[in-house]
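S.K.: Once you've had a glance at the structure underneath, I'll fire off some questions.
The values are calculated or read from the model by the stated rules, or taken from the named source; none is laboratory data. On a predicted model such as this, the values are computed, not experimentally measured, just so you know. Note that each Cβ is placed from the backbone with ideal geometry, even for glycine, and that neighbours are counted across all protein chains shown. With ligands, DNA and RNA removed, areas are computed over all heavy atoms of the protein, side chains included. Shrake-Rupley method; radii C 1.70, N 1.55, O 1.52, S 1.80 Å.
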Amino acid sequence: EALGSMFIVNPGSVTVIALVSAFVGIVSGLSGYNSGFQVVNIDADCAFSDTVGTQLDTFVTLFYLVCLDRKPEAQGLTNWVNALVNNTSGGRVAHGFFFSDEYIARSRNNNEYVMDLYRAMLDRTPTSPELGVWVAALESGYSRLQVFNGFKNSSEFSDYCDLHYVSH
């Protein structure tokens, strides 16, 4: 019986360290160690056997639903999840959706754009004052990239990424 690989995932930065199968027995004792690390077993087909894979799917799927107004196609979802597994940041993924030709073609107005940022990057709707501040910024000359960066660099987006085992 072949041993599967083991990854150690640090939820704070999604540092993923692949360990050679021969060392699985040595590090398997870490699962009881409360260090802030989560030990995630990978089966022989390299599929996540823990909630990390589901969290990454959820993270990416929300961008499809909000930004592209559709469910992800299987290959696209796989590509984005693989990018996250290979340490592409959540901010880069978000940028890929918000500045994609498909999103731009939706011709969202400033109000809709800010609503989309809240829904996709923070998984919530804004309060009226929050919405108003960002829409006013856009109307006073801030670019969409500047407003996007405000969200990307926020502690709330960082926390949301951590929740989904994604680097920010």
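S.K.: Grab the Cα-Cα distance for Ala83 and Glu112, subtract it from 0.36 nm times how many residues apart they are, and report the gain in nm with one decimal.
M.R.: Using 0.36 nm per residue and subtracting the Cα-Cα distance, I get 7.7 nm.
S.K.: Calculated FRET efficiency, Asp123 and Phe99, Cβ-Cβ r, R0 25 Å, to nearest 0.05?
M.R.: According to the calculation, E is roughly 0.80.
S.K.: Just to confirm a number: summing +1 for Lys and Arg and -1 for Asp and Glu over residues other than Asp69 whose beta-carbon lies under 12 angstrom from that of Asp69, what do you get?
M.R.: Net charge around Asp69: +2.
S.K.: Any idea of the accessible area per residue across segment 53-164, 1.4 Å probe, to the nearest Å²?
M.R.: 50 Å²
S.K.: Could I ask something else about it? What whole-number distance in Å separates the alpha-carbon centres of segment 86-136 and segment 148-168?
M.R.: Here the answer is 13 Å between Cα centres.
S.K.: Once you place label points 7 Å from the Cα toward the Cβ at Arg70 and Glu156, how far apart are they in nm?
M.R.: 2.9 nm
S.K.: What is the magnitude of the charge dipole of segment 57-168 about its Cα centre, with +1 placed on the Cβ of each Lys and Arg, -1 on the Cβ of each Asp and Glu, and no other charges, expressed in debye to the nearest 20?
M.R.: Dipole of segment 57-168, to the nearest 20 debye: 140 debye.
S.K.: What is segment 60-103 by shape, rounded, prolate or oblate, if you read a ≥ b ≥ c off the alpha carbon gyration tensor as root eigenvalues and call it rounded for a/c under 1.5, prolate for a/b larger than b/c, and oblate otherwise?
M.R.: It is oblate, given that a/c is not under 1.5 and a/b is not larger than b/c.
S.K.: Work out the charge dipole of segment 70-148 with +1 on the Cβ of Lys and Arg and -1 on the Cβ of Asp and Glu about the Cα centre, then indicate which of Ser143, Gly90, Asn110 is farthest towards its positive end.
M.R.: In segment 70-148, that residue is Gly90.
S.K.: Oh, and also: Pulled fully out, how much extra length does the chain show between Val133 and Asn149, if you take 0.36 nm times their separation in residues and subtract their Cα-Cα distance?
M.R.: 4.3 nm
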